[in-house]
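Taken together, the values in this text are just the output of simple stated rules run on the coordinates, not laboratory data. Just so it is clear, the structure is predicted and the values come from calculations on it, not from any experiment. With ideal geometry, Cβ positions are generated from the backbone for all residues, glycine too; neighbour counts draw on all protein chains shown.
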Amino acid sequence: MDAKQQELDDRLAEILRQAADVASQIQRREQGPGTPHYDQIETAAHDVGQRLSRMVQQDRIAQVSANHATEAVCPECRNKCPAESNSRQVTSVDGPVELMETVAFCGRCRRSFFPSTDGTGI
Ligand SMILES: [Zn+2]
């Protein structure tokens, strides 16, 4: 692991520690006095994890989508085609996520396609 990766990993650990503390405080307020069942603690904690997962998925897809140019090469005929970003809701294992994705349309082949994410699409 290089220095930048270590720095990011340390930062994530600290932010997650803070998030766990805030989530625990929210749980304590919502559950009130008394002893909650363990499944109440686990379910509330799992909800926080799913919420984080959806945020990471959304950010990561937006990063990947932003890397695309406004044109892409058709995988069939190698024609340069216009590409645009669209918003779409998908249901991930952690719940609904609003995604931005780039779609190109080839007028020659009369079909839409997803440009490759390796940066060689154009
Ligand atoms: Zn084509």
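Some observations on this one:
- For the peptides 48-54, 24-30, residues were scored by their other Cβ atoms within 10 Å and the scores averaged per peptide; the highest-first order is 48-54, 24-30.
- Distance from segment 73-112 to segment 15-72 (C-alpha centre basis), Å: 28
- Theoretical ellipticity at 222 nm over the chain - DSSP helices of four or more residues, -39500 (n - 2.57) apiece, nearest 500: -17000 deg cm²/dmol
- Relative contact order of the chain, pairs being alpha-carbon contacts under 8 Å that are 6 or more residues apart, as %: 20
- Given charges at Cβ of Lys, Arg, Asp, Glu: the chain dipole, positive-most of Thr91, Gln5, Gln31: Thr91
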